[in-house]
Each structure stands twice: as structure tokens, then as C-alpha cells.
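The values are calculated or read from the model by the stated rules, or taken from the named source; none is laboratory data. Quick caveat: nothing in here was measured; it's all calculated off a predicted structure. Note that we place each Cβ from the backbone using ideal geometry, even for glycine, and neighbour counts take in every protein chain shown.
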Amino acid sequence: MSRVRTATLVHEGGSRFVATTGTTRTIVYGDAFDRGELSPVETLVVSLAACSGMDVVPIAAKKRQQISRYEIRVEALQRDEYPQVLTRAEVTHVVEGPVVEEAAIRRAIELSATKYCPVNAMLSAGATEIHHRYVIRNVGPDPYEAEGEVVVTGPYRRPDVVA
């Protein structure tokens, strides 16, 4: 069974478009960042991080990780030539808490990147190479810090063969 996603965009002049999604959410696109208008490409980069984070949090919880602070940093390179596609992205999960195990966080990120996150799968199927990284700060009784790369997805990897 497939899920249908819809949106209607209304042009309001210049580069401003107001989008209303099928779930009645509103997004304003344009060049005037001082008025809260968003860039389509920036929102795609944010969507990649949000999609991954929305996978990692429940997976980590199932693995009994106690996370007190979670931040996702994403940096993407967009080529200058048209079409100005994203060629590379680095998604870094910064996880802090009293019970944060490196293996559990690595596995949560890996599952998101290779199985669950549709935004990652779509970008990886195209021209984008995505590096999934982590920084862990365990602040519990045996504190430690760790960091590393989990997996690289894309470019040109079909979603059904990413895993």
C-alpha cells in the first residue's frame, strides 16, 4: 500500500510561495530569510537530519539509552553548475547522557541510514553521498567520549539495495 503526500503552493510574488500540505501544515518558501521564508534546498538538508533523528531517538530508547541532550549537525555541499544538486552531506549525531553506549548509538544511526529514513534513501539514490557520523559524550559513572563514522550511503544507490 502506498501513502499519498500532497501540497498546494500559491505564488505570492517574487520568489515567495506559500505551501499548504495535505495535512494542513504551512511552509513559506522564498529568498527573504528575514521574513521567515525558507530555501527549498535548505529545507531538504534539514529534512534529512530530522528524518534521521526521528528514527534514532526511538531506536536508542528501545536499546535503553538515557539521552539528556541530542543534536544533529548537517553540512551539505551544493554544486555551482545546474542542476545545483547536493553532492555530499555529512550528518553528525551528537549524543550526550548518563547511559550512552557507542555500539547502541552506532546501530541506531545505521538502521536509520540504511533502512528507515526515506529522505536519506531518496538523496542516496541520486547524486548525493551521505556520511553518517556520531559524537558521544557519556556523562554517567564511567564517563567517556567517542566519535566516528557509521556508514556512507549513495551516490546512485537504489533505496532497495542501500542496506
Item to check | Residues that are surrounded by 17 or more Cβ atoms within 10 Å (Cβ to Cβ) and under 21 Å from residue 108 (Cβ atoms), drawn from region 37-52 | outcome: 45, 47, 48, 49, 51, 52
Checklist outcome for this item: Scanning region 59-99 for residues that are part of a loop (DSSP other than H, G, I, E, B) and either of a type in the set (D, E, K, R) or surrounded by 12 or more Cβ atoms within 10 Å (Cβ to Cβ) (or both) gives 63, 64, 65, 67, 68, 79, 80, 81, 85, 98
Checklist outcome for this item: Note on residue 119: of the conditions (1) touching a Cys at 6+ places or on another chain (Cβ under 6 Å); (2) free of Cβ contacts under 8 Å to residues at least 60 places away in the same chain, unmet is (2)
Item to check | region 1-11: number of residues that are over 15 Å from residue 39 (Cα atoms) and either touching a Lys or Arg at 6+ places or on another chain (Cβ under 9 Å) or touching a residue at least 12 places away in the same chain (Cβ under 8 Å) (or both) | outcome: 5
Checklist outcome for this item: Expected single match for surrounded by fewer than 13 Cβ atoms within 10 Å (Cβ to Cβ) and at pLDDT 95 or above among 3, 25 is 25
Next on the checklist: Can you report the number of residues in region 7-58 which are part of a loop (DSSP other than H, G, I, E, B) and either of a type in the set (D, E, K, R) or in contact with a helix residue (DSSP H, G or I) (Cβ under 6 Å, 6 or more places away or on another chain) (or both)?
Outcome noted: 5
